[in-house]
Every structure is written in C-alpha cells, then in structure tokens.
1. Considering only the stretch 50-61, how many residues are free of Cβ contacts under 8 Å to residues at least 40 places away in the same chain and buried (at least 16 other Cβ atoms within 10 Å of the Cβ)?
2. Say whether the condition of being touching a Lys or Arg at 6+ places or on another chain (Cβ under 9 Å), over 13 Å from Asp72 (Cα atoms), modelled with pLDDT under 95 and not in a helix (DSSP H, G or I) is met by at least one residue in the stretch 35-49.
3. Restricting the search to the stretch 4-30, which residues are under 17 Å from Ala90 (Cα atoms) and either of a type in the set (Lys, Arg) or assigned to a helix (DSSP H, G or I) (or both)?
4. Restricting attention to the stretch 75-112, and to residues there that are hydroxyl-bearing (Ser, Thr, Tyr) and surrounded by 15 or more Cβ atoms within 10 Å (Cβ to Cβ), which single residue is farthest from the chain's Cα centre (by Cα)?
5. In the stretch 53-63, is there at least one residue being hydrophobic (A, V, I, L, M, F, W, C) and within 27 Å of Met22 (Cβ to Cβ)?
Amino acid sequence: MTTSWFFLKTRVAAGIAISLVMGVPAPLKSLADQVIRSASSVPANLSEGHGRSGRDRNHDWRIAYASAKEVDTHIRLLTGAGAIDCTRAATAIQLFDEVRALTWRLLHPRAS
C-alpha cells in the first residue's frame, strides 16, 4: 500500500458520502450535516496524523477511525429512510469499511 493511494481512497469515500447527502430533505438535514462533518474528518485526521508522531499520531488516527464508523451509521440511517441512493450508499459504505481496515492496521501494526 502506498500512502498516496490510501489518502486518495479516503478522499474518494468522503466525496461520495458528501455528494450523497446534498439533496436530503429538511427533516433529515441534521443527519446529512453529520455525514458531511464526519466524512470530511476522516481524510483530515489521517493527514494530520501522518504529519505527527507518537501519541499525537495515534490520537488523530483513532479520531479518523471513529469518524469513518460514524459516517457508516448515518449513511445506513439515511438509506433506511429512503433519503439517499442505495447503490451509491453501498459504495460509500464499502469504501469507508476499507478505510477503517487500513486505519486499524495503522493503529495496530503487526509485530516484526
């Protein structure tokens, strides 16, 4: 895995999630706003952590991991409510699952 590929995947996942919720009806707007905040938090925190070391780095990566889980939950809620496209939602969920798996490996490296 190259670093640039990983960061590209996070930006693509965030972009899909954000575009998905742009037309969400008013009663669900607060969930859409949460998707935008949490989706944009994932690449931002991974990038910030990449530039740090020690506990600061892990702290940023843990925030990114948790934000990716949050995006997943909100997208599933909006899909269940029929407010967003199911096919694109499934793509976003899959990408964020991959991002979480890669972030997990950053947080829990295998012993050499």
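The values are calculated or read from the model by the stated rules, or taken from the named source; none is laboratory data. Please read these numbers as outputs of a predicted model, since none were measured by experiment. Every residue, glycine among them, receives a Cβ derived from its backbone with ideal geometry; neighbour counts consider all protein chains shown.
1. Total satisfying the criteria: 2.
2. Within the stretch 35-49 (the criterion being touching a Lys or Arg at 6+ places or on another chain (Cβ under 9 Å), over 13 Å from Asp72 (Cα atoms), modelled with pLDDT under 95 and not in a helix (DSSP H, G or I)), the answer is no, since none of the residues qualifies.
3. Let us first name the residues in the stretch 4-30 that are under 17 Å from Ala90 (Cα atoms), namely 9-22, 24.
Lys9, Thr10, Arg11, Val12, Ala13, Ala14, Gly15, Ile16, Ala17, Ile18, Ser19, Leu20 - these are the residues of the stretch 4-30 that are under 17 Å from Ala90 (Cα atoms) and either of a type in the set (Lys, Arg) or assigned to a helix (DSSP H, G or I) (or both).
4. Of everything passing the filter in the stretch 75-112, Thr79 is farthest from the chain's Cα centre (by Cα).
5. Taking every residue of the stretch 53-63 in turn, at least one turns out to be hydrophobic (A, V, I, L, M, F, W, C) and within 27 Å of Met22 (Cβ to Cβ).
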